[in-house]
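The values are calculated or read from the model by the stated rules, or taken from the named source; none is laboratory data. Being a predicted model, the structure only gives us computed values, none of them experimental. When we count neighbours, we look across all protein chains shown, and the Cβ atoms used for this are built from the backbone with ideal geometry, even at glycine. The protein model used for the area step is the full one, side chains on, heavy atoms only, and it has no ligands, DNA or RNA in it. Shrake-Rupley method; radii C 1.70, N 1.55, O 1.52, S 1.80 Å.
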Amino acid sequence: MLRWFATVILCLAMGYGVCLATDFSADVSQSMGGMKTGGKVYVSGQKMRQEVAMAATKQIVIVRGDKGLVYMLQPAARQYMKMQGVKGELGMNNSKAMDELRKSATQKRLGRENVSGYSCDKSLFTFKDKKRGTLTLWSATKLGGHPIKTEMKTSRGGVFMEYKNIKEGRQSASLFELPAGYKPMKMPAGMPGMPGVPGKRK
């Protein structure tokens, strides 16, 4: 449970999600501490939905950049958690998000690479707190600077995420709404806030 939250929050908080003019869906491949998971991601403007399957259980994260909210859903229990996120334009084009990242890490630009058929700017961030290690982002120019590949290495292991089979096109608005009938659940004890994102849990 906590491992899944840590993985998803890391990928969303460090990648920050989406940019205004971007609409697409993709398959998502993730790995953390030897555990591999797969799922789907849907992006529409300032909104993003990520679905991850772990041990035959689906987990869903909905990011609403337009409202500054993040919903973490457990469909099997019909429950959710709500967190305050960054409001406004997201993605690598968000100067506020990048300023927050640069405060805690130094950036080294590594040129351009092709990922899943998209030309990406590659950057390596080395955190000032050595325990946090390094973060590498591959940000697709055509997708508004959305990171479609991330790799984080720490003293405790690594976290990897990559988008594949990207399909550009309009996404259904219902994907980014909190489903009816879901009830709020308590945040697990010791659960941290989103890294680098000022805000509160609710």
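Observations
- Screening THR126 with (1) over 15 Å from SER155 (Cα atoms); (2) surrounded by 13 or more Cβ atoms within 10 Å (Cβ to Cβ); (3) among the hydroxyl-bearing types (Ser, Thr, Tyr) gives one miss only, at (1).
- The listed residue being modelled with pLDDT of 85 or more, open to solvent by 40 Å² or more (accessible area, probe 1.4 Å) and either over 17 Å from GLU162 (Cβ atoms) or assigned to a strand (DSSP E or B) (or both), out of SER25, SER29: SER29
- In the stretch 57-66, of all residues being of a type outside the set (A, V, I, L, M, F, W, C) and in contact with an Asp or Glu (Cβ under 8 Å, 6 or more places away or on another chain), the one that is surrounded by the fewest Cβ atoms within 10 Å (Cβ to Cβ) corresponds to LYS58.
Residue by residue, here is whether (1) within 23 Å of MET185 (Cα to Cα); (2) modelled with pLDDT under 90; (3) in contact with a Pro (Cβ under 8 Å, 6 or more places away or on another chain); (4) crowded, with 20+ Cβ neighbours inside 10 Å holds:
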| residue | (1), (2), (3), (4) |
| --- | --- |
| MET35 | no, yes, no, no |
| LYS40 | no, no, no, no |
| VAL52 | yes, yes, no, yes |
| ALA55 | yes, yes, no, no |
| GLY68 | yes, yes, no, no |
| MET72 | yes, yes, no, yes |
| LYS82 | yes, yes, yes, no |
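- Residues (within 20 Å of ALA140 (Cβ to Cβ), buried (at least 19 other Cβ atoms within 10 Å of the Cβ) and modelled with pLDDT under 90) located in the stretch 87-121: GLU89, LEU90, GLY91, MET92, ASN94, ALA97, LEU101
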